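Undergrad: What follows is a structure written as structure tokens; I'll ask about it next.
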Amino acid sequence: MIELKNVCLSYGDKVILKNISLKVQDNTIKAILGPSGVGKSTILKLMLGLIKPDCGSVFIDGRDITHLKESELYEIRRKMGMVFQGNALFDSLTISQNIGFFLRENLKLPEKEVNRMVGEQIRFAGLEGYEDLLPESLSGGMRKRVAIGRAMVFNPRMILFDEPTAGLDPVSSKKILTLISSLRHNSNLGAVIVTHIIDDVFNVADCVAVLYQGEIIFDDVTEKLHDSRHPFIRSILSDKILEL
Amino acid sequence: MPLTILRNLYRQIVFDLKEFLLNIQEFFFFSVRAFVTFPKVRTYWRDVLDQMTICGTDSIPIVLVSSISIGALLAIEVGNLLEDFGAKTMLGRSTSISVLRELGPLLMGLMLSARFGSRNGAELGAMKISEQIDALRAFGTDPVAKLVMPRLVAALVMFFPLTALSDYAGLHSAAYLAEHYHKLDPGIFWNSVYPRLLPKDFVVGFLKAPVFAIIITLVSSFNGFSARGGTAGVGRSTIKGIVVSSGLVLVANFYVSKIVLENM
């Protein structure tokens with residue numbers, strides 16, 4: 001379980017997060033919905049310990065990771081896979097090397113085992129025949145699937161998605177959402193999805209937190225979003241995509 | 001009005017000074033981390049070999065061009081000067097000291113700052129901007145151990161043979177020009193080089209190799225890791241890396257020579 005308790009964060013004079021608290025249970029898909037630039041990706045980085053909050057605490061499975069050293073955080077991060085907004089694929093490595101990176105780098109598995117696990121992800125992500133290409137040769141949707149495969153290959157308990165469908169065409173978006181939905185059925189994984197597209201939330205998320213002006217204004221199961229009376233939520237339910 | 005301008009100027013100076021001091025502190029911690037990760041060299045030996053090719057083998061042409069040019073230029077200019085004093089037979093001695101102690105290592109340092117340093121800055125800066133460095137951290141890999149330490153080890157190892165190559169090419173180009181331009185017998189030239197060279201002449205030159213390796217690698221890598229602001233930011237951090245490392249190479253060149261020559 002991931003928990004943020006009274007977290008606040010500023011960049012210079014700009015306040016990003018104001019005393020937010022948030023829980024992500026295991027085996028659920030939680031969406032964090034909000035306009036661009038409101039600090040949604042920052043929340044994911046806080047969960048991974050990539051940045052430190054100015055105040056408050058971040059707990060992973062009940063352990064406070066806020067003040068852990070970088071070397072201690074590596075153990076925590078191995079429980080979570082991350083799909084970055086721009087995919088962050090290692091551009092000098094091939095697709096199969098990207099997917100197998102964690103296995104070779106951290107688990108030191110035998111090459112035969114690495115190839116088997118990478119092969120599984122390649123099939124799962126529908127990337128057969130592209131194993132030896134560099135990321136630059138792939139389309140945006142395919143790169144996203146490689147990033148998902150790379151995040152899943154070491155069987156983490158939770159995957160963090162940063163805007164998984166942003167910038168993709170409708171067909172690729174649908175493929176990615178289907179892939180995310182299938183995660184839970186296939187692997188019993190939990191996930192956090194940061195998005196500004198409300199349809200993505202209704203398509204895949206069990207529960208949703210809405211971030212607005214640095215505060216969580218809604219945090220409940222997805223179906224109850226329709227019952228909210230908050231003017232911002234009413235407006236996004238009618239507009240569908242947040243472009244603020 | 002002038003008071004407001006002065007106040008703003010004061011605030012800006014204080015802000016810039018704080019930024020500068022924070023940068024120095026960050027650079028210090030970054031450098032310590034790079035050295036502390038040295039025991040992981042066995043894990044990343046493939047990366048070390050790759051970097052040795054990039055900073056060593058691939059740099060041979062530029063090092064040869066610069067050292068041959070400077071050796072030839074020295075032979076012509078110093079030869080002309082010595083001829084006026086009827087001391088042309090001392091050409092080997094004077095060019096060898098200049099090449100071995102100062103110009104060979106210095107030019108090699110500047111060339112590698114431009115070549116190896118710019119590559120480091122641009123590559124690591126692009127990785128930072130595209131979140132690849134964050135991805136490494138997210139997947140439990142220390143980016144300094146994976147990206148900086150191999151570069152540092154490779155530079156520390158490869159700068160020695162490059163210095164030797166630079167010295168060799170510089171001296172031989174000087175000898176060639178002495179023979180064909182100044183019509184000086186090669187025997188006379190080399191006779192004024194070898195018997196008169198002292199251990200300190202080599203110590204000065206070869207001590208500069210690791211110093212330059214550390215400066216160029218750490219400064220360029222640090223600037224790459226600090227890149228922000230898109231592709232323009234990568235450009236800015238790369239330029240900053242080259243300018244700062246070149247400046248530090250020049251300063252270090254002076255101090256290494258001074259310290260060694262005063263103490264040997």
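The values are calculated or read from the model by the stated rules, or taken from the named source; none is laboratory data. The structure displayed is predicted, hence computed values, not measured ones. All Cβ positions, glycine included, derive from the backbone under ideal geometry; neighbour counts span all protein chains shown.
Undergrad: Within the bounds of segment A:213-225, is there any residue that is surrounded by fewer than 22 Cβ atoms within 10 Å (Cβ to Cβ) and without any contact (Cβ under 8 Å) to a residue 12 or more places away in the chain?
TA: Yes: segment A:213-225 contains one or more residues that are surrounded by fewer than 22 Cβ atoms within 10 Å (Cβ to Cβ) and without any contact (Cβ under 8 Å) to a residue 12 or more places away in the chain.
Undergrad: Only one residue in A:ILE193, A:ILE198 is at pLDDT 90 or above and buried (at least 19 other Cβ atoms within 10 Å of the Cβ). Which one? Write out each step before concluding.
TA: Numbers: A:ILE198 fails: at pLDDT 90 or above.
When all the criteria are applied, what remains is A:ILE193.
Undergrad: Looking at B:GLU26, B:GLU83, B:GLU77, which is the one that is modelled with pLDDT of 90 or more, of a type in the set (Asp, Glu) and within 23 Å of B:LEU171 (Cβ to Cβ)? It would help to see each step written out before you state the result.
TA: Working: B:GLU26 fails: within 23 Å of B:LEU171 (Cβ to Cβ); B:GLU83 fails: modelled with pLDDT of 90 or more.
When all the criteria are applied, what remains is B:GLU77.
Undergrad: Right, another one. Can you tell me how many residues in segment A:44-58 are touching a strand residue (DSSP E or B) at 6+ places or on another chain (Cβ under 8 Å) and either crowded, with 18+ Cβ neighbours inside 10 Å or within 28 Å of A:ILE122 (Cβ to Cβ) (or both)?
TA: Going through segment A:44-58 one residue at a time, the tally reaches 7.
Undergrad: Considering segment A:70-81 alone, what residues qualify as being surrounded by 18 or more Cβ atoms within 10 Å (Cβ to Cβ) and either facing chain B (nearest Cβ under 7 Å) or in contact with an Asp or Glu (Cβ under 6 Å, 6 or more places away or on another chain) (or both)?
TA: A:TYR74, A:ARG77
Undergrad: Being at pLDDT 85 or above and in contact with a Lys or Arg (Cβ under 6 Å, 6 or more places away or on another chain) is the requirement here; does A:VAL221 meet it?
TA: For A:VAL221, the condition - at pLDDT 85 or above and in contact with a Lys or Arg (Cβ under 6 Å, 6 or more places away or on another chain) - is not met.
Undergrad: Follow-up. Within 12 Å of chain B (Cβ to nearest Cβ) and either aliphatic (A, V, I, L, M) or out of contact with any strand residue (DSSP E or B) (no Cβ under 8 Å at 6 or more places or on another chain) (or both): which single residue out of A:PHE84, A:PHE101, A:PHE124 fits that description? Break it down stepwise before answering.
TA: On the way: A:PHE84 fails: either aliphatic (A, V, I, L, M) or out of contact with any strand residue (DSSP E or B) (no Cβ under 8 Å at 6 or more places or on another chain) (or both); A:PHE124 fails: within 12 Å of chain B (Cβ to nearest Cβ).
Only one candidate passes the filter, namely A:PHE101.
Undergrad: Another one. Specify the residue that is farthest from B:ALA122 (Cα to Cα); the eligible residues are those in segment A:88-129 that are touching a residue at least 24 places away in the same chain (Cβ under 8 Å) and among the polar types (S, T, N, Q).
TA: By that ranking, first place goes to A:GLN121.
Undergrad: Looking at A:ASP91, A:ASP61 in this structure, which one is within 26 Å of A:LEU127 (Cα to Cα) and either within 7 Å of chain B (Cβ to nearest Cβ) or of a type in the set (D, E, K, R) (or both)?
TA: None of the others qualify; the one that does is A:ASP91.
Undergrad: Residues of segment B:123-139 being under 12 Å from B:LYS240 (Cβ atoms) and either among the hydrophobic types (A, V, I, L, M, F, W, C) or surrounded by fewer than 20 Cβ atoms within 10 Å (Cβ to Cβ) (or both), which ones?
TA: First, the residues of segment B:123-139 that are under 12 Å from B:LYS240 (Cβ atoms): B:125.
Once the filter is applied, which keeps residues that are under 12 Å from B:LYS240 (Cβ atoms) and either among the hydrophobic types (A, V, I, L, M, F, W, C) or surrounded by fewer than 20 Cβ atoms within 10 Å (Cβ to Cβ) (or both), segment B:123-139 yields nothing.
Every residue, every condition in (1) out of contact with any Cys (no Cβ under 8 Å at 6 or more places or on another chain); (2) without any contact (Cβ under 8 Å) to a residue 40 or more places away in the chain; (3) within 14 Å of another protein chain (Cβ to nearest Cβ), yes or no:
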{"position": "B:ARG101", "(1), (2), (3)": "yes, no, no"}
{"position": "B:LEU106", "(1), (2), (3)": "yes, no, no"}
{"position": "B:LEU112", "(1), (2), (3)": "no, no, no"}
{"position": "B:PHE116", "(1), (2), (3)": "no, no, no"}
{"position": "B:ALA145", "(1), (2), (3)": "yes, no, yes"}
{"position": "B:VAL153", "(1), (2), (3)": "yes, no, no"}
{"position": "B:ALA169", "(1), (2), (3)": "yes, no, no"}
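Undergrad: Does at least one position in segment A:204-220 carry a residue that is more than 24 Å from A:ASN6 (Cα to Cα) and under 19 Å from the mean Cα position of the chain (by Cα)?
TA: yes
Undergrad: Sticking with this structure for a sec: When segment B:142-186 is examined, which residues are found to be of a type in the set (Ser, Thr, Tyr) and surrounded by fewer than 21 Cβ atoms within 10 Å (Cβ to Cβ)? I'd like the intermediate steps shown before the answer.
TA: Looking only at segment B:142-186, we keep the residues that are of a type in the set (Ser, Thr, Tyr), and these are B:163, B:166, B:168, B:173, B:176, B:181.
Across segment B:142-186, the qualifying residues are B:TYR168, B:TYR176, B:TYR181.
Undergrad: Taking segment B:9-58, which residues are within 26 Å of A:ASN106 (Cα to Cα) and of a type in the set (D, E, K, R)?
TA: B:ARG33, B:LYS40, B:ARG42, B:ARG46, B:ASP47, B:ASP50
Undergrad: How many of the residues in segment A:41-58 are within 13 Å of chain B (Cβ to nearest Cβ), aliphatic (A, V, I, L, M) and either in contact (Cβ under 8 Å) with a residue 40 or more places away in the chain or in contact with a Ser or Thr (Cβ under 6 Å, 6 or more places away or on another chain) (or both)?
TA: Within segment A:41-58, residues that are within 13 Å of chain B (Cβ to nearest Cβ), aliphatic (A, V, I, L, M) and either in contact (Cβ under 8 Å) with a residue 40 or more places away in the chain or in contact with a Ser or Thr (Cβ under 6 Å, 6 or more places away or on another chain) (or both) number 5.
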